[in-house]
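Heads up, the thing below is written out as structure tokens.
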Amino acid sequence: MGILEVKGVNKRFGGLQALGDVNLSVAENTVHAIIGPNGAGKSTLLNVLVGKLIPDSGSVMFDGNSVLGRQPYEINQMGISRVFQTPEIFADLSVIENVMIPCFAKRDGAFRMHAIESVGNEKNIREQAEAMLDDVNMLDKRNMIASVMSRGDKRRLEMAMCLVQEPRLLLLDEPTAGMARADTNNTIDLLKEIKEKRDITMAIIEHDMHVVFSLADRITVLAQGTPLVEDTPEKIKGHPKVKEAYLGEAAH
Amino acid sequence: MLGLDTKDTRLLIIVAIMVMAAPILLNPFPADSAMAQFNAGYPDLMQRFVIFGIFAIGFNILFGLTGYLSFGHAAFLGMGSYAAVWMFKLLSYNVVPAILLSVIVAAAFSVVIGYISLRRSGIYFSILTLAFAQMSYALAYSVLTPITNGETGLQVYTNDPQILMGENSPNVPHLFGIEMRGTADLELGAWTFTFGNGYYLAALMMLLSFYISLRIFRSPFGLMLRAVKSNQNRLTFTGVSPKPYTLAAFVISGMYAGLAGGLLAAMDPLTGAERMQWTASGEVVLMTILGGAGTLIGPVLGAGLIKYLENIFSKINDGILHQWFAFMPDGLEDFMVTILHPFIGKGWHLTLGLIFMAIVIFLPGGLVEGGQRIGRLFKRRKTDDASSATTKPAE
């Protein structure tokens, strides 16, 4: 039984079957990649997982609780953090504040009227955030305004913001989309480092095979809204169905 | 001190000294000099400075921190004024119940209006708040005449109940006997300084408001509000529900507006629907942006500047202009007066508009940014001096 269980999920947009009978199980402490060509339904599936879309039928269970119909912040409070295609950070705030906000969210929940306390007196939160920044080698940048950093650093910061909450599942939505090769490799190294350092479950939606094969423990191949195969990277590499899905008829 | 760090404590102390000494600081010109018309140190005007300062401080908690631009905050100010005058009519001229009720009424209405308006963000939020404010204005102006006294405006009549009114109670707003209109004059040579009771009550309320706003800015709550402005999407995916935060900010700023309205009534116990009009809502937006949205002291400066222009520029007339340019040849004098005529008197809005444009274009951070730039200029000069001093021996 995996920590994330997707069972029989269907989603239609008008005449288009975006997801058809998707079954997926992500086991704890593994990196599970979901790949597929453009239009395979990867993003739709992700939006279902984070509560942005409600499927027509089927269930999505996280640790025994349904995530369907919940607000994104409730899903986060259940223990799912999300990394976006383009880093979503608090661009006007300093790096340390960016990391302190998730710490507050973890400690205080979705809302707390803590208007009289001072951020300056929250020593635990600050230490927690600084330790996290140290972990991703960004401690020297803590007082920088986040918007002036390089794209690679923004990605690193977003990762830190997710990891500091110690999520039980980290969702990554094409973390290397639109990146140059060097940036892509940096991101892969960062993810590998994270995977080695801590027990973490990750689900990666990705287009780039290179990223997937160097990280994933298991891979699900999605095509036209349905999972084709699910297996280890080694087996997926040579799988005829995968070649067909990615390369079309020409592969025969 | 008071739960603030040293920098904020210093700021609070500076503001407190300025506010307390305002009757002297704002009266730099001797009473019978030609420049005396630029003096702002009389209670009526100073009350406006601090009361609209409170209004703008509160507005800044919503707009400056969360980025939600309300175009209807004058509605809460107007409700506060009506509530206060009703307290005068029903109980007595004591300002304490009046001010308390004005804050409570504004809070109650801002919960409802905020809850509905905050279902949308951006321009739609602004339009919703504007719509609510205009509805309130229209209701106060006509439909609710029994409560608001319509276009005549609400005031206290001699046959009002005033059940707590004692035999010797003053017949004007007072704080346990201290009359709001009471003043003490201090004559020093050519200068006359007037210290008004009402001003000092309003000034103390402003300092309290400023202190609370300081605490909010530095709190985790304030951090969350800034996060709402910066990236609401990230905030929800970080496990925070933005809506209660924005609603809390909306209600707090509504209460500030109610307090300002209550104080306006406490200074002068009558009110009318025009306090709720959209131009009044727009004015607080101008104040906040002019001073520097999202900064601590900016809104107070902006409120002061606008109220100063409104009261001083609008009093300059052609006669005064002729006096100023009397040294010029007649033709040139008339020419100068004709040129400047649209910018003074009733045309003070034109001056305000030009100043506003200049600030938005050249100083997007408002007056506070201007101050910071000047400060930096001096610092750079100092460090230049210091570095040249240290490099000299090396030569």
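Students often check this: by mean Cβ neighbours within 10 Å, which of B:311-318, B:88-95 ranks highest, and how do the rest follow? Walk me through the numbers before you get to the answer.
Details: B:311-318: 15.6, B:88-95: 21.0.
Highest-to-lowest ranking by the protection proxy: B:88-95, B:311-318.
Can you tell me the accessible area per residue over the stretch B:241-321, all protein chains present, probe 1.4 angstrom, in square angstrom?
Working: 2150 Å² over 81 residues.
That works out to 27 Å² for each residue.
Calculate, for chain A, the solvent-accessible area per residue in square angstrom, rolling a 1.4 angstrom probe over the heavy atoms of the protein chains. Walk me through the intermediate numbers first.
Working: 11070 Å² over 252 residues.
Normalised by residue count, the accessible surface of chain A is 44 Å².
May I ask you to order B:236-249, A:28-41, B:366-379 by the average number of other C-beta atoms within 10 Å around their residues, highest value first? List each step's numbers first, then the result.
Numbers: B:236-249: 22.9, A:28-41: 19.4, B:366-379: 14.2.
Descending packing order for the listed peptides: B:236-249, A:28-41, B:366-379.
Taking the Cα centre as origin and putting +1 on Lys and Arg beta-carbons and -1 on Asp and Glu beta-carbons, what dipole magnitude results for the protein assembly as shown, to the nearest 20 debye?
900
Dipole of the stretch B:316-389 (Lys/Arg Cβ +1, Asp/Glu Cβ -1, origin at the Cα centre): which of B:370, B:319, B:338 lies farthest to the positive side?
The listed residue farthest towards the positive side: B:370.
Where does the stretch A:17-94 land on the Kirkwood hydrodynamic radius, alpha-carbon pairs, in angstrom? Could you put the intermediate results ahead of the total?
Numbers: mean 1/r = 0.0704 Å⁻¹.
Computed over Cα pairs of the stretch A:17-94, the Kirkwood hydrodynamic radius comes out at 14.2 Å.
Can you grab the distance from the C-alpha centre of the stretch B:240-254 to the C-alpha centre of the stretch A:183-225, Å, no decimals?
Between the Cα centre of the stretch B:240-254 and that of the stretch A:183-225, the gap is 38 Å.
What's the percent breakdown of Cα-Cα distances in the stretch B:267-339 across 5 Å bins, shortest bin first?
Spelled out per bin, shortest first, that is 3, 14, 14, 14, 15, 11, 12, 10, 6, 2.
Set Lys and Arg Cβ to +1 and Asp and Glu Cβ to -1, take the dipole of chain A about its Cα centre, and tell me which of A:119, A:75, A:37 lies farthest positive.
Sorting the options by dipole projection puts first A:37.
Leaving ligands, DNA and RNA out of it, rank B:124, B:141 by accessible area with a 1.4 Å probe, largest first.
Details: B:124 145, B:141 95 Å².
Accessible-area ranking of B:124, B:141, largest first: B:124, B:141.
Buried accessible area for the A:B pair, summed, 1.4 Å probe, in Å² rounded to 100? Before the final figure, lay out each step's value.
Values: alone 12350 and 19780 Å², together 29430 Å².
Interface area, both chains combined: 2700 Å², rounded to the nearest 100.
At a 1.4 Å probe, what is the % contribution of carbon and sulfur to the accessible area of the stretch B:316-389? List each step's numbers first, then the result.
On the way: 3590 of 5160 Å².
The computed percentage sits at 69.
Once you average over the residues of A:103-109, how many Cβ atoms of partner chains fall within 10 Å of each Cβ? Please report the intermediate quantities before stating the final value.
Working: counts 2, 8, 8, 2, 1, 5, 3.
Average neighbour count from other chains, rounded to a whole number: 4.
Could you size up the charge dipole of the stretch B:316-389 around its Cα centre, putting +1 on the beta carbon of Lys and Arg and -1 on that of Asp and Glu, and report it in debye to the nearest 20? Kindly include the intermediate steps, with their values, before the conclusion.
Values: 7 positive and 7 negative charges, 138 e Å.
Its charge dipole is roughly 660 debye.
Report the percentage of all Cα-Cα pairs in chain A whose separation exceeds 28 Å, rounded to a whole percent.
Numbers: 11223 of 31626 pairs.
More than 28 Å apart: 35 percent of the Cα pairs in chain A.
To the nearest 500 deg cm²/dmol, what mean residue ellipticity at 222 nm is calculated for chain B from DSSP H runs of n ≥ 4 alone, each contributing -39,500 (n - 2.57), summed and divided by the residues? The partial results should precede the final answer.
Working: 17 runs with 250 residues, N = 395.
When only DSSP H runs of four or more count, the value is -20500 deg cm²/dmol.
Have a look at the stretch B:141-251 and give its Rg and Dmax from the Cα atoms, expressed in angstrom.
Rg, Dmax (Cα atoms, Å): 23.0, 66.
Could you rank B:35, A:138, A:1 by how accessible they are, 1.4 Å probe, largest area first?
Numbers: B:35 90, A:138 0, A:1 195 Å².
Sorted descending by solvent-accessible area, the residues read A:1, B:35, A:138.
Ignoring everything but the protein chains, give the 1.4 Å probe accessible area of residue B:271 in square angstrom, nearest 10.
The accessible area comes out at roughly 10 Å².
So if I take the centroid of the Cα atoms in the stretch B:56-117 and the same for the stretch A:144-178, what is the distance between those two points in Å?
42
Going by accessible area, probe 1.4 Å, with all protein chains left in place, what is the ranking of B:348, B:278, B:86, B:324, largest first?
Numbers: B:348 25, B:278 140, B:86 75, B:324 95 Å².
The ordering from most to least exposed comes out as B:278, B:324, B:86, B:348.
How large, in percent, is the carbon and sulfur part of the accessible surface of the stretch B:225-300 at a probe radius of 1.4 Å? Present the calculation step by step, with values, prior to reporting the outcome.
Details: 1160 of 1810 Å².
The computed percentage sits at 64.
Which loop trypsin sites (Lys or Arg not before Pro) in the stretch A:159-201, with loop taken from DSSP, have no more than 15 other Cβ atoms within 10 angstrom of their Cβ?
Details: sites: A:168, A:181, A:192, A:195, A:197, A:198; in loops: A:168, A:198.
Here the sparse-neighbourhood loop sites are A:198.
Cα to Cα, under 14 Å, and not fewer than 8 places away if on the same chain: which aspartates and glutamates meet these conditions relative to residue A:11?
Answer for residue A:11, where 14 Å is the Cα cut-off: A:21, A:56, listed by chain and number.
Taking 8 Å as the Cα distance limit and 6 or more residues as the minimum spacing, I'd like the relative contact order of chain B as a percentage. Walk me through the intermediate numbers first.
Values: 647 pairs, mean separation 105.4, N = 395.
27 percent.
For the stretch A:50-62, in order, what is each residue's ³J(HN,Hα) by Karplus, 6.51 cos²θ - 1.76 cosθ + 1.60 with θ = phi - 60°, in whole Hz (x at glycine and Pro)?
Couplings: 9, x, 7, 10, 9, x, 5, 8, x, 9, 10, 10, 10 Hz.
Residue by residue through the stretch B:131-142, which ³J(HN,Hα) values in whole Hz follow from phi under the Karplus form 6.51 cos²θ - 1.76 cosθ + 1.60 (θ = phi - 60°), with glycine and proline marked x?
With the stated coefficients, the stretch B:131-142 comes to 4, 4, 5, 5, 5, 4, 4, 5, 4, 5, 6, 10 Hz.
Which net charge results when you count Lys and Arg as +1 and Asp and Glu as -1 among the other residues whose beta-carbon is under 14 Å from that of residue B:290?
Working: positive: B:307; negative: B:283, B:310, B:369.
Once positives and negatives cancel, what remains is -2.
Rg and Dmax of the protein assembly as shown over Cα atoms: what are they, in angstrom?
Rg, Dmax (Cα atoms, Å): 31.3, 105.
Give A:195/A:235; A:7/A:52; A:106/A:197; A:52/A:237; A:141/A:197 a once-over and call out the pairs whose C-alpha atoms are over 27 Å from each other. Don't jump to the answer; show the numbers that get you there.
Values: A:195/A:235 22 Å; A:7/A:52 17 Å; A:106/A:197 21 Å; A:52/A:237 32 Å; A:141/A:197 22 Å.
Too far apart for the 27 Å limit: A:52/A:237.
Where does chain A land at 222 nm, in deg cm²/dmol rounded to the nearest 500, when only DSSP H runs of n ≥ 4 count, each adding -39500 (n - 2.57), divided by all residues? Write down the numbers at each step before the final one.
Working: 9 runs with 92 residues, N = 252.
That comes out to -11000 deg cm²/dmol.
Scan around residue A:171 for amide H atoms under 5 Å from its own, H built in the peptide plane at 1.01 Å from N, and keep only partners 5 or more places away or cross-chain.
A:81, A:82, A:83, A:203
Straight-line reach from residue B:307: which lysines have a Cα under 20 Å away, not including same-chain ones fewer than 8 places off?
List returned: B:315, B:346.
Stokes-Einstein D for the stretch B:316-389 at 20 °C, 1.002 mPa s, Kirkwood Rh over Cα pairs, in µm²/s? Working shown, then result.
Working: Rh = 15.5 Å.
Value of D from the Cα-based Kirkwood radius: 138 µm²/s.
I'd like the carbon and sulfur percentage of the solvent accessible area for chain A, probe radius 1.4 Å, heavy atoms only, ligands and nucleic acids excluded. Display every interim value, and only then the final one.
On the way: 5240 of 11070 Å².
The computed percentage sits at 47.
Name all residues of the stretch B:336-374 having a backbone nitrogen under 18 Å from the label point set 7 Å from the Cα of residue B:279 along its Cα→Cβ direction, giving them as ranges.
What the label zone holds, given the 18 Å backbone N cut-off, is B:342-356.
The values are calculated or read from the model by the stated rules, or taken from the named source; none is laboratory data. Please read all numbers here as calculations on a predicted model, not as lab measurements. Heads up, the Cβs are rebuilt from the backbone with ideal geometry, glycines too, and the neighbour counts pull from every protein chain shown. Only protein heavy atoms, including side chains, enter the accessible area calculation; ligands, DNA and RNA are left aside. Shrake-Rupley method; radii C 1.70, N 1.55, O 1.52, S 1.80 Å.
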